[in-house]
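The values are calculated or read from the model by the stated rules, or taken from the named source; none is laboratory data. Only a predicted model underlies this, so the values are computations on that prediction, with no experimental measurement involved. Glycine also receives a Cβ, built like all others from the backbone with ideal geometry; neighbour counts cover every protein chain displayed.
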Amino acid sequence: VTGDDDKRRGRGVDWTGVRMPGIDGTTVAVVLGAGGAIGSQTCRALTALGTTIVPVTRVASQGEELADELAAGDRVVPMTADLADSDSLRSVVAELSERRLIPSVLINSAAVGVSRADLLDVSREQFSRLYDVNVVGAFEAIKAVAGMMRSAGRGKVVNVASVAAQRVLVGSSAYGSSKAALISLSQHLAVDLGLYGITVNSVSPGQTPTRLRGWDESAGRPPEPTPPSATADGIPLRRRGALDDYVGAILFLCSSLADYITGVDIPVEGGARLVRAKSY
Ligand SMILES: NC(=O)c1ccc[n+]([C@@H]2O[C@H](COP(=O)([O-])OP(=O)(O)OC[C@H]3O[C@@H](n4cnc5c(N)ncnc54)[C@H](OP(=O)(O)O)[C@@H]3O)[C@@H](O)[C@H]2O)c1
């Protein structure tokens, strides 16, 4: 790990120097939400570890930009899909089959968030949209990819949930409850898919400024978390999470170190759940 500034920006870990058992040149990892902050950092780490990655973005240019940045040739195979659209998910599976890519890892980092809204202003459509992407889309994507993993008799699925599933954020009823549903979905699928050697777990990040949280929307690229400040009150480790903090937990769950772990959620939030925040 390099200096503190880098660490805060989420680029603190030199992934080229890291070895994770079970994550190597034979790994094919599908990453949903790959254009986002956590998703793209996960792709950087996986590429550095030598895997083949399939970054799935809603907009093709995001996947192409990431492929250019990673410069890993045919080890990066960008695809597009909208989690709210069953047809586009089916197309991804068809394209994977066509290219004879059988995923051993699926990381779902895609989600719709909401800027905190007064409960009375949240429409049924807005509420449903969040569930459609964050829960139903996740279910469909896992179902589709697990069908491919099943033939190999192994697989690792990691969903990116949120601390908002357990700890109420004011004005985030749709988002928070959709993430609680995602954790529960992970547990149910862990049981259903255990038979096929597929593990299903989740990681719950704390709050880090990204586009999802309304930061840096215009910049169009993964933004940088703010440095620790008074806003980090209520976090025992006294800083906001950096992207690599989340990536580390995701990769652990994808590695063979976690072969006997399924249906768990790992909170990655500096211990924030343990203490009462000074304010909200
Ligand atoms: N940042 C935090 O504080 C925080 C805290 C807890 C949990 N999380 C979770 O961490 C994950 C990654 O979030 P992030 O912070 O990296 O935010 P982000 O940069 O906004 O990434 C979210 C990604 O989800 C994609 N997405 C949204 N709707 C989609 C759809 N219908 N189909 C396909 N992709 C879709 C977005 O693509 P577009 O660019 O096309 O919209 C974006 O790439 C999310 O699951 C989020 O809920 C984040």
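Yes or no, residue by residue, for (1) within 10 Å of the ligand (Cβ to nearest atom); (2) touching a residue at least 24 places away in the same chain (Cβ under 8 Å):
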| site | (1), (2) |
| --- | --- |
| 99 | no, no |
| 103 | no, yes |
| 111 | yes, yes |
| 119 | no, yes |
| 130 | yes, yes |
Original post:
When the stretch 81-123 is examined, which residues are found to be under 24 Å from residue 50 (Cα atoms) and either of a type in the set (Val, Ile, Thr) or modelled with pLDDT under 95 (or both)?
Top reply: 92, 93, 102, 105, 107
**OP:** Restricting attention to the stretch 155-197, report how many residues are assigned to a strand (DSSP E or B) and closer than 13 Å to residue 113 by Cα.
**Re:** 1
Subject >> Unmet criterion (only one of (1) part of a helix (DSSP H, G or I); (2) in contact with a Lys or Arg (Cβ under 7 Å, 6 or more places away or on another chain)) for residue 150 >> reply: (2)
Original post:
Assuming residue 45 fulfils every condition listed in (1) in contact with a Ser or Thr (Cβ under 8 Å, 6 or more places away or on another chain); (2) of a type outside the set (Asp, Glu); (3) under 21 Å from residue 243 (Cα atoms) apart from one, which condition is it?
Top reply: (1)
Subject >> Test: residue 175 is among the aromatic types (Phe, Trp, Tyr), more than 11 Å from the ligand (Cβ to nearest atom) and out of contact with any Cys (no Cβ under 6 Å at 6 or more places or on another chain) >> reply: no
